[in-house]
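The values are calculated or read from the model by the stated rules, or taken from the named source; none is laboratory data. Remember, it's a predicted structure, so these values are computed and weren't measured experimentally. Virtual Cβ from ideal backbone geometry, glycine too; neighbours counted across all protein chains shown.
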Amino acid sequence: MSVSGNTRNPVLIAWLPAIAYMMLIWVMSSLSHVPSLEAVPFHDKGVHFLEYGTLAALLAHAFRGTRPLDRPFVTFLIAVASATFFGMTDEMHQAFVPGRNSDVHDLMADALGATLAAALYCFVLLRFLRKAR
């Protein structure tokens, strides 16, 4: 415990947003009926793209917070693989939810969103690291 009584755990701070978001995804995937997606471009696939893009960025941030010495490309690969794997388990989960189905095209949208968001995160990270030198 520090002198000020503040007991921040950097691992928890790094991972809490990603874990909370994964829990939200799991809960939403457990619903038999989802809200209308008419307002979202590309509807269902657009939601998957954005949802797993967000997850990959949060995972990249978490990995970077707990493994700061890894090269940004390693962070990118781990974030994309982790988000895509979670997307795969989520699709399997949806196969057992009444009124939902598992779709390989959803998984493809998950992986594409994860790849783009993790690449953007690492691009910004590289620019920040270069400016810090």
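Being under 21 Å from W15 (Cα atoms) and over 16 Å from the mean Cα position of the chain (by Cα) is true of V124.
Of all residues in the range 52-79, those that are without any contact (Cβ under 8 Å) to a residue 40 or more places away in the chain and of a type in the set (K, R) have Cβ atoms under 9 Å from Cβ atoms of residues that are crowded, with 22+ Cβ neighbours inside 10 Å and part of a helix (DSSP H, G or I), 6 or more apart or on another chain, in R67/T75. State whether one or more residues within the range 33-52 are closer than 19 Å to D103 by Cα, modelled with pLDDT under 95, in a loop (DSSP other than H, G, I, E, B) and of a type in the set (S, T, N, Q). Checked against the condition, which is being closer than 19 Å to D103 by Cα, modelled with pLDDT under 95, in a loop (DSSP other than H, G, I, E, B) and of a type in the set (S, T, N, Q), the range 33-52 yields at least one hit.
Before we move on, is F96 surrounded by fewer than 22 Cβ atoms within 10 Å (Cβ to Cβ), farther than 15 Å from F123 by Cα, of a type in the set (F, W, Y) and more than 15 Å from the chain's Cα centre (by Cα)? Steps first, answer last, please.
Values: surrounded by fewer than 22 Cβ atoms within 10 Å (Cβ to Cβ): yes; farther than 15 Å from F123 by Cα: yes; of a type in the set (F, W, Y): yes; more than 15 Å from the chain's Cα centre (by Cα): yes.
Yes.
Considering G113, G99, the condition of being touching a residue at least 40 places away in the same chain (Cβ under 8 Å) and not in a helix (DSSP H, G or I) is satisfied by G99 alone. Scanning the range 117-133 for residues that are assigned to a helix (DSSP H, G or I) and either farther than 13 Å from L59 by Cα or out of contact with any helix residue (DSSP H, G or I) (no Cβ under 7 Å at 6 or more places or on another chain) (or both) yields L120, F123, V124, L125, L126, R127, F128, L129, R130, K131, A132.
Being in a helix (DSSP H, G or I) and among the basic types (K, R), is that true of even one residue in the range 59-74? So that I can check it myself, show each step before the final result.
Step one: of the range 59-74, the residues in a helix (DSSP H, G or I) are 59-66, 72-74.
Those still in the list that are among the basic types (K, R) too: 64.
Yes: the range 59-74 contains one or more residues that are in a helix (DSSP H, G or I) and among the basic types (K, R).
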